[in-house]
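Engineer: This structure is in structure tokens; I'll ask about it shortly.
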Amino acid sequence: MGLSDGELDAVRAIERAGGADEDLEAFFAEAGQARPVRKVRVEPFLIARHPLTVAQARHWLPEYEDSFAASDACTARFEDDLDDLLGTLPFRLPSEAEWEYAARAGTTTLTFRGDGRPDEDHVLDDFGDEERTAAAENAFGLAAMGSSNEICADVWIPHFTDAPADARPRSGDGPRVARGGGGDLSPWQGCDEWVLLLSATRYECQDFTAVRPVAPVPTGQGQDVDEARDLDEGRGGACR
């Protein structure tokens with residue numbers, strides 16, 4: 001977990017090849033926020049195939065409105081209503097370690113597609129087209145990892161020093177961690193928005209965020225089974 005030396009070298013190679021729109025000095029200056037690289041043990045869990053859509057959000061919050069979404073199949077973004085959603089949603093937020101594990105899907109490269117510069121064909125916000133959604137999946141069957149700024153359960157700490165060796169979220173007061181966000185700035189303006197698609201990119205969450213629910217692995221009985229069924233049937237997003 002974290003931004004490795006190899007990934008930093010890959011970003012430098014993109015910059016040397018003229019693939020950066022601007023000087024990436026700020027990116028390298030902030031690289032310590034995703035370091036040191038460490039090994040983390042992640043227990044099995046279920047995570048939604050994609051962030052909650054507007055239609056799914058309305059299942060839990062009937063009065064939910066999103067003036068930014070082009071359709072009910074688009075990613076729902078939450079501001080002041082985030083606490084209301086989390087209060088009624090029978091799932092939890094992913095820990096930061098779980099999110100990165102899901103985004104990497106077994107890879108150690110900049111994105112699950114390799115060390116090349118991501119472009120806007122990595123971005124997906126509307127999940128009404130099943131063919132397009134399936135084409136955007138990684139090896140875990142998860143679509144659009146990195147497209148939206150997705151909130152995690154961890155409180156924001158600008159490094160991984162002394163972070164736990166398991167996937168528990170780091171707790172405390174203050175804003176949470178956000179991951180992804182390359183699609184929230186689409187169409188891109190040439191400010192190297194692609195760095196937000198990198199599996200290791202992390203930053204302090206602001207007020208406008210997407211939610212990708214997580215649930216425990218079913219035990220075979222009781223509430224866990226009901227919750228996993230809700231997640232799989234699209235009320236929380238199809239699970240993997």
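Read-outs: derived from the displayed coordinates by stated rules, not from any lab. Given the structure is predicted, the values throughout are model-derived calculations rather than measurements. Please note: Cβ atoms are built from the backbone with ideal geometry, for glycine as well, and neighbour counts cover all protein chains shown.
Engineer: Rg/Rh for the stretch 47-109 to two decimals, with Rh computed the Kirkwood way over all alpha-carbon pairs. Before the final figure, lay out the partial values.
Structural biologist: On the way: Rg = 13.5 Å, Rh = 13.1 Å.
The Rg/Rh ratio comes out at 1.03.
Engineer: Still on this structure: Rounded, prolate or oblate: which one fits the stretch 93-144, using the alpha carbon gyration tensor with axes a ≥ b ≥ c (rounded when a/c is under 1.5, else prolate when a/b beats b/c, else oblate)? Don't jump to the answer; show the numbers that get you there.
Structural biologist: On the way: a/c = 1.93, a/b = 1.24, b/c = 1.55.
In terms of gyration-tensor shape, oblate.
Engineer: Continuing with the same structure: List the residues whose amide H sits under 5 Å from the amide H of Tyr203, counting only those 5 or more places along or on another chain, with H placed 1.01 Å from N in the peptide plane.
Structural biologist: Ala178
Engineer: Tell me the mean residue ellipticity at 222 nm calculated for the chain from its helices only (DSSP H runs of n ≥ 4, each -39500 (n - 2.57), averaged over every residue, nearest 500). Intermediate results must be reported in sequence, preceding the final value.
Structural biologist: Details: 7 runs with 56 residues, N = 240.
When only DSSP H runs of four or more count, the value is -6500 deg cm²/dmol.
Engineer: Got a sec to turn the phi values of the stretch 117-122 into Karplus ³J(HN,Hα) couplings, 6.51 cos²θ - 1.76 cosθ + 1.60 with θ = phi - 60°, whole Hz, x for Gly and Pro?
Structural biologist: 5, x, 10, 6, 6, 6
Engineer: Helix 5-16 versus the longest principal axis of the chain: what angle, 0 to 90°, nearest 10, using Cα atoms?
Structural biologist: 60 degrees
Engineer: Along the Cα→Cβ direction, 7 angstrom out, place labels at Glu25 and Asp162. What is the inter-label distance in nm?
Structural biologist: Calculated label separation equals 3.2 nm.
Engineer: Continuing with the same structure: Report the calculated FRET efficiency for Thr88 and Asp129 (r = Cβ-Cβ distance, R0 = 30 Å), to the nearest 0.05.
Structural biologist: On the way: r = 29 Å, r/R0 = 0.95.
After rounding to 0.05, the efficiency reads 0.55.
Engineer: Check Leu46: other-chain or 5+ apart residues with amide H under 5 Å from its amide H, H built from backbone geometry?
Structural biologist: Those qualifying (amide H under 5 Å, at least 5 residues apart or on another chain) are Ala215, Val217.
Engineer: Report the relative contact order of the chain, percent, no decimals, based on alpha-carbon pairs under 8 angstrom and at least 6 residues apart.
Structural biologist: 30 percent
Engineer: Enter the angle in degrees (range 0 to 90, nearest 10) between the Cα long axis of helix 223-232 and the first principal axis of the Cα atoms of the chain, meaning the one along which they spread out most.
Structural biologist: Taking Cα atoms only, the helix is inclined about 60 degrees.
Engineer: Shifting gears a bit: Find how much the distance from Ser171 to Val217 grows on full extension, using 0.36 nm per residue of separation minus their present alpha carbon separation; answer in nm with one decimal.
Structural biologist: Answer, rounded to one decimal: 14.3 nm.
Engineer: How do 112-124, 156-168 rank on mean C-beta neighbours within 10 Å, highest first?
Structural biologist: Values: 112-124: 16.8, 156-168: 14.6.
Per-residue mean Cβ counts within 10 Å order the peptides as 112-124, 156-168.
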